[in-house]
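Visitor: Structure incoming, see below.
The values are calculated or read from the model by the stated rules, or taken from the named source; none is laboratory data. Computed from a prediction, not measured in an experiment: that's the story for all the values here. We place every Cβ from the backbone using ideal geometry, glycine too, and count neighbours over all the protein chains shown. The protein model used for the area step is the full one, side chains on, heavy atoms only, and it has no ligands, DNA or RNA in it. Shrake-Rupley method; radii C 1.70, N 1.55, O 1.52, S 1.80 Å.
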Amino acid sequence: MACNLLIRGMLNTLKPQSRITRRALFKALGIGGAAALLPERARAAALPDTGGEQATLLDLTRCVGCEACADACREANAARFPEPRKPFPQMLPSGTKPEDFSDRRADTSRLTPYNWLFIQRAQAQGREVFIPRRCMHCQNPPCAALCPWGAASKYPGGTVAIDADICLGGAKCRDACPWAIPQRQSGVGLYLDLAPRLGGNGVMFKCDRCKDRVAAGGTPACVEACPNGVQVIGPRPEIEALAREKARTTGGHLYGLDENGGTNTIYLSPVPFELLDAGIEKGPGKPHLASVADSMAPSNRLAWAVLLAPLAGAASVFLRGARAVVRRKEGGDERV
Amino acid sequence: MNGFSLYRIVMAVLAVSGMAQMPVFKRYHIADVPGLAWTADSFLTFRLHYAAAAALLFWLGHRLVRRGAASLGAARVALLGMLFATGAARVIENLPRVAFPPMAGRFLDWTHLGAAMAIGIWALTSVVRKNVKTPSPDRDIV
Ligand code: SF4
Ligand code: SF4
Ligand code: SF4
């Protein structure tokens, strides 16, 4: 009965326009364990997938650091920027501090809840390189996997977004993100209505690849605004092929293809990324450019153990039974 | 160690690592207690939760085949079933190249949390009941 209600509730939450169908959800719930037994390709076919990921390629050889992209981002998303209620709730226990950028809205030197894209600069190999920075839109985003409240999600299409109406501002996504991308603004969001002093601390903000604009048939504002065509967006296989081809023909370097298990943001640079990483200013809101191991890989391996465990447990009964029969038989043979 | 002790230990690990998924140990300075810093390690507690879930599900699979669902009681089977269904679906969603609609993911998280809290409350009431009357060997396994 309870299970019935649960599944019915789940089905009701599925939007009709969603790429993930009811059938796919049934498949996911019912086939999870069995899918674990399948080889990678068949497994991918059995589970609801991200539905053809979109990726962006940023060609840093073209970027002149004019910041038109960052301006466009701020303009396109201004209506979604936080308007905090002040004074902030006195947090319990004391020691939990609010984070407030509302008096620093004009700060374009780093990522903030009011600046989801900024330009990093590095001097390397005798040239100045400009690097537009924002969320990488990881293919297996730890920010979404570790968000305990379902506020951070990966969308079919490869976008990773945080729902400002749901987020409690615990900043787990920022802890889990290898680049510490999401930025917190206190004094806004659901926590104010739930337990303002005891739980939560605001809302986390970051680039959502202009998902509403894109859903309406548009292009991300930063991609559209760039006068030099630094960014291109398209299906990941095509973008990946383009990135590899450009890197091969220009002797360039790529970042993002394998970082954190693969991201949907690929940078092409004329100089090695170790040099760029050494050259940029790093710190809160200023992400690094070092290579990043796949932070979800160990849990993904454990995931198959979880999904197979009930089958293994059941099989252990039969194994035990079979062993007992063999032992009895052997004992019988000895007696003969 | 008998099966019930194993079940209790695994449930305790699941409860602690599950609670650690909400950043409460850091917020309430429990992670500052010497020896408990690991409770604020997001990835460690996440993996621990998976590992303990695998152990619980192994136990459940074994138990259900060996002694049948009736040996666990209908209510316990329903609660553990709900935990399993929502947890397993979330584990699948966390895999690379898998995405559910955000509302479905949210529903899974909230139902999982609700089922875990219901099991916690049940465990407490069963301890109280245990003190009132002598339990049968199976009554106190939650
Ligand atoms: S870069 Fe960070 S915030 Fe963006 S998807 Fe990856 S883990 Fe999440
Ligand atoms: S994709 Fe949209 S939200 Fe993201 S940085 Fe560009 S303009 Fe901003
Ligand atoms: S608008 Fe284009 S050229 Fe200007 S900073 Fe942004 S990416 Fe670089």
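Visitor: Picking from B:Leu79, B:Leu36, B:Leu60, which is most flexible by a Gaussian network model of chain B using Cα springs under 10 Å?
Guide: B:Leu36
Visitor: Additional query: Could you state the number of Å between the C-alpha centres of segment B:1-61 and segment A:108-144?
Guide: Taking the Cα centre of segment B:1-61 as reference, the centre of segment A:108-144 is 35 Å away.
Visitor: Then there's this: Quick check on packing: order A:296-305, A:72-81, B:123-132 by the mean number of other C-beta atoms within 10 Å, highest mean leading.
Guide: Working: A:296-305: 17.8, A:72-81: 15.9, B:123-132: 11.2.
Most protected by this proxy first, the peptides run A:296-305, A:72-81, B:123-132.
Visitor: Gap in Å between the Cα centre of segment A:236-287 and the Cα centre of segment A:162-214?
Guide: The distance from the Cα centre of segment A:162-214 to that of segment A:236-287 comes to 27 Å.
Visitor: In addition: Mind checking B:103-115 for the average number of partner chain beta-carbons within 10 Å of each residue's beta-carbon? Present the calculation step by step, with values, prior to reporting the outcome.
Guide: Working: counts 10, 14, 8, 8, 8, 5, 6, 3, 5, 2, 3, 1, 2.
Taking all residues of B:103-115 together, the mean is 6.
Visitor: With a 1.4 Å probe and every protein chain left in place, tell me how much accessible area A:Glu238 has, in Å² to the nearest 10.
Guide: Approximately 120 Å² for this residue.
Visitor: Here is a follow-up. How many partner chain Cβ atoms sit within 10 Å of a residue's Cβ in peptide A:157-167, on average, as a whole number?
Guide: Numbers: counts 1, 2, 1, 1, 1, 0, 3, 0, 0, 4, 0.
Mean number of neighbouring Cβ atoms from other chains: 1.
Visitor: To continue, here is another question. Using a 1.4 Å probe and counting only protein heavy atoms, how much accessible surface gets buried when A and B come together, both sides summed, in Å² to the nearest 100?
Guide: Numbers: alone 18100 and 9390 Å², together 22310 Å².
Summed over both sides, the interface buries about 5200 Å².
Visitor: Still on this structure, please answer the following. How big is the accessible area of A:Ser186 in square angstrom, nearest 10, if you roll a 1.4 angstrom probe over the protein chains?
Guide: My reading of the accessible area for A:Ser186 is about 0 Å².
Visitor: Show me A:314-326, A:109-121 ranked by packing, highest mean number of other Cβ atoms within 10 Å first. Write down the numbers at each step before the final one.
Guide: Working: A:314-326: 12.4, A:109-121: 21.2.
The packing order, highest mean first, is A:109-121, A:314-326.
Visitor: Expressed as a whole percentage, what fraction of the accessible surface of the protein assembly as shown belongs to carbon and sulfur atoms when a 1.4 Å probe is rolled over the protein heavy atoms?
Guide: Working: 13640 of 22310 Å².
So the carbon and sulfur contribution to the accessible surface is 61 percent.
Visitor: What number, rounded to the nearest 500 deg cm²/dmol, is the helix-based mean residue ellipticity at 222 nm of the protein assembly as shown, given -39500 (n - 2.57) per DSSP H run of at least four residues and division by all its residues? Please list the in-between numbers first.
Guide: Details: 17 runs with 226 residues, N = 478.
Result for the protein assembly as shown: -15000 deg cm²/dmol, rounded to the nearest 500.
Visitor: Which shape class, rounded, prolate or oblate, goes with chain B when its Cα gyration tensor gives a ≥ b ≥ c as root eigenvalues, a/c under 1.5 marks rounded, and past that a/b bigger than b/c marks prolate?
Guide: oblate
Visitor: If you bin every alpha carbon distance in the protein assembly as shown into 20 Å steps from zero, what whole percent lands in each bin?
Guide: Once binned at 20 Å, the Cα pair distances of the protein assembly as shown give 22, 51, 23, 5, 0.
Visitor: Roughly how crowded by other chains is peptide B:20-26, in terms of the mean Cβ count from those chains within 10 Å of each of its Cβ atoms?
Guide: On the way: counts 1, 6, 7, 10, 4, 0, 5.
If you average over the peptide's residues, the count of other-chain Cβ atoms is 5.
Visitor: Kindly report the accessible area of segment A:104-153 per residue (heavy atoms of protein chains, probe 1.4 Å, no ligands, DNA or RNA), in Å². List each step's numbers first, then the result.
Guide: Numbers: 1460 Å² over 50 residues.
In whole numbers, segment A:104-153 has 29 Å² accessible per residue.
Visitor: Next up: What whole-number value in Å² describes the accessible area per residue of segment B:1-128 for a 1.4 Å probe? Don't skip to the answer; put the middle values down first.
Guide: Working: 5650 Å² over 128 residues.
Per residue, segment B:1-128 has 44 Å² of solvent-accessible surface.
Visitor: Another question, if that's okay. Ignoring ligands, DNA and RNA, how do A:Arg85, A:Arg197 rank by accessible area with a 1.4 Å probe, largest first?
Guide: Working: A:Arg85 150, A:Arg197 110 Å².
Sorted descending by solvent-accessible area, the residues read A:Arg85, A:Arg197.
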